[in-house]
Amino acid sequence: MICLCLLALTGARAEGKYSGQGKKESSHSGLFGERNIPIYFGFRIGPAFAFVNSDDPMLNGGSMKTGLSFGGVVGLQLTDAAPVFAESGLTFVQKGGRGYVTMTDGSRAKFTFNLGYLQLPIVIKYSVEMDEHMSFQPFLGGYLALGLGGKIRNFKDKNAYGSFDNVDHSFRRFDAGLRFGCGFSFDLAYVELGYDFGLANIGRDDFDVTHNGCLFLNLGVNF
């Protein structure tokens with residue numbers, strides 16, 4: 001819905017304004033290279049380094065788990081007075097964790113869990129131009145996510161079950177949190193490093209608090 005709203009505004013923003021010579025002037029072009037347009041589309045792909053913090057020792061990931069993040073974005077300049085942009089889109093990201101849990105008999109069992117999310121990021125970017133080709137773009141905002149699937153595996157018992165099944169030591173499908181980081185643009189090429197700080201309790205046990213954390217590095221293009 002947010003993407004559609006941004007697209008609906010494109011017609012009004014794309015008309016631009018006219019100079020005294022009767023030519024259209026563009027408000028800002030640093031984010032788009034040589035193309036003087038107030039809206040852009042992009043593709044992102046890269047690794048996601050995820051973990052889970054939890055009061056439940058079974059879900060408290062002992063180390064980061066590497067997954068994949070990919071998707072598309074759309075951005076729109078918010079004002080002609082400054083290079084400030086709103087960006088949103090849809091991405092698929094693999095989160096989760098891995099580690100060891102102490103069993104009742106005193107032994108340690110290795111476990112992993114995969115959490116696949118369809119994620120909607122919503123951020124505000126400010127483009128700091130270095131020259132007509134390069135710019136830095138710090139961003140701040142948040143994200144909403146819906147769990148699509150995944151597996152929790154206990155390597156000692158050699159069993160597995162769905163990460164979002166309604167059972168003990170599983171997860172709620174809804175997640176939300178903060179997103180911040182910085183991007184770098186060179187003409188159409190783009191790279192960004194950011195962090196998703198989960199705020200929603202994704203654990204099913206009401207007595208335990210469980211949060212996602214994810215460091216991501218994305219490569220892509222803006223056009």
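The values are calculated or read from the model by the stated rules, or taken from the named source; none is laboratory data. This structure is a prediction, so every number in the text was calculated from the model and none was measured. Methodologically, a virtual Cβ is constructed for each residue, glycine included, from the backbone with ideal geometry; neighbour enumeration extends over all protein chains shown. Only protein heavy atoms, including side chains, enter the accessible area calculation; ligands, DNA and RNA are left aside. Shrake-Rupley method; radii C 1.70, N 1.55, O 1.52, S 1.80 Å.
Checking the conditions here, which among Phe85, Phe51 is of a type in the set (Phe, Trp, Tyr) and in contact (Cβ under 8 Å) with a residue 60 or more places away in the chain?
Working: Phe85 fails: in contact (Cβ under 8 Å) with a residue 60 or more places away in the chain.
Just a single option satisfies the conditions, and that option is Phe51.
Which of the residues belonging to the stretch 144-162 are open to solvent by 10 Å² or more (accessible area, probe 1.4 Å) and either outside any strand (DSSP E or B) or in contact (Cβ under 8 Å) with a residue 24 or more places away in the chain (or both)?
Result: Leu144, Leu146, Leu148, Gly149, Gly150, Lys151, Arg153, Asn154, Phe155, Lys156, Asp157, Lys158.
Looking at Lys125, Lys110 in this structure, which one is touching a residue at least 24 places away in the same chain (Cβ under 8 Å), of a type outside the set (A, V, I, L, M, F, W, C) and over 21 Å from Phe216 (Cα atoms)? Can you show your working first?
Details: Lys125 fails: over 21 Å from Phe216 (Cα atoms).
It is Lys110.
Which of the residues spanning the stretch 82-98 are surrounded by fewer than 16 Cβ atoms within 10 Å (Cβ to Cβ) and out of contact with any Leu (no Cβ under 8 Å at 6 or more places or on another chain)?
The answer is Ala82, and nothing else.
For residues that are in a loop (DSSP other than H, G, I, E, B) and either free of Cβ contacts under 8 Å to residues at least 24 places away in the same chain or open to solvent by 50 Å² or more (accessible area, probe 1.4 Å) (or both), tally how many sit in the stretch 61-76.
Narrowing the stretch 61-76 to residues in a loop (DSSP other than H, G, I, E, B): 61-62, 64.
Imposing the further condition that a residue be either free of Cβ contacts under 8 Å to residues at least 24 places away in the same chain or open to solvent by 50 Å² or more (accessible area, probe 1.4 Å) (or both) reduces the set to 62, 64.
Going through the stretch 61-76 one residue at a time, the tally reaches 2.
With the checklist (1) in contact (Cβ under 8 Å) with a residue 40 or more places away in the chain; (2) in a strand (DSSP E or B); (3) open to solvent by 30 Å² or more (accessible area, probe 1.4 Å); (4) over 17 Å from Lys65 (Cβ atoms) in hand, flag the one item Leu118 doesn't pass.
(1)
Can you say whether Val101 is modelled with pLDDT of 95 or more, of a type in the set (A, V, I, L, M) and buried (at least 16 other Cβ atoms within 10 Å of the Cβ), as far as the supplied structure shows?
On the way: modelled with pLDDT of 95 or more: no; of a type in the set (A, V, I, L, M): yes; buried (at least 16 other Cβ atoms within 10 Å of the Cβ): yes.
Taking the combined requirement at face value, the residue does not satisfy it.
Restricting attention to the stretch 175-223, report how many residues are in a strand (DSSP E or B) and in contact (Cβ under 8 Å) with a residue 40 or more places away in the chain.
Step one: list which residues in the stretch 175-223 are in a strand (DSSP E or B), which gives 175-186, 189-198, 203, 210-222.
Adding the requirement that they be in contact (Cβ under 8 Å) with a residue 40 or more places away in the chain leaves 175, 179-186, 190, 192, 194, 196, 203, 210-222.
Residues in the stretch 175-223 being in a strand (DSSP E or B) and in contact (Cβ under 8 Å) with a residue 40 or more places away in the chain: 27 in total.
Given the structure, is Phe186 crowded, with 17+ Cβ neighbours inside 10 Å, of a type in the set (Phe, Trp, Tyr) and in contact with a Gly (Cβ under 9 Å, 6 or more places away or on another chain)?
The answer is no for Phe186.
Look through Leu140, Leu193 and report the one residue that is in contact with a Cys (Cβ under 7 Å, 6 or more places away or on another chain), open to solvent by 80 Å² or more (accessible area, probe 1.4 Å) and either farther than 22 Å from Gly67 by Cα or not β-branched (Val, Ile, Thr) (or both).
Numbers: Leu140 fails: in contact with a Cys (Cβ under 7 Å, 6 or more places away or on another chain).
Result of the check over Leu140, Leu193: Leu193.
So, in the stretch 163-174, exactly how many residues are open to solvent by less than 50 Å² (accessible area, probe 1.4 Å), not small (Gly, Ala, Ser) and not in a strand (DSSP E or B)? Walk me through how you get there before you give the answer.
Let us first name the residues in the stretch 163-174 that are open to solvent by less than 50 Å² (accessible area, probe 1.4 Å), namely 163-164, 170-171.
Among the residues that remain, those that are also not small (Gly, Ala, Ser) are: 164, 171.
With the extra rule that they be not in a strand (DSSP E or B), the set shrinks to 164.
Within the stretch 163-174, residues that are open to solvent by less than 50 Å² (accessible area, probe 1.4 Å), not small (Gly, Ala, Ser) and not in a strand (DSSP E or B) number 1.
Residues to consider are Met58, Met134; find the one that is open to solvent by 20 Å² or more (accessible area, probe 1.4 Å), hydrophobic (A, V, I, L, M, F, W, C), in contact (Cβ under 8 Å) with a residue 40 or more places away in the chain and within 22 Å of Leu188 (Cα to Cα). First the steps, then the outcome.
Details: Met58 fails: within 22 Å of Leu188 (Cα to Cα).
Answer to the check: Met134.
Go through (1) of a type in the set (Val, Ile, Thr); (2) within 25 Å of Leu148 (Cα to Cα); (3) open to solvent by 20 Å² or more (accessible area, probe 1.4 Å); (4) modelled with pLDDT under 95 and name the single condition Thr79 misses.
The single condition Thr79 does not satisfy is (2).
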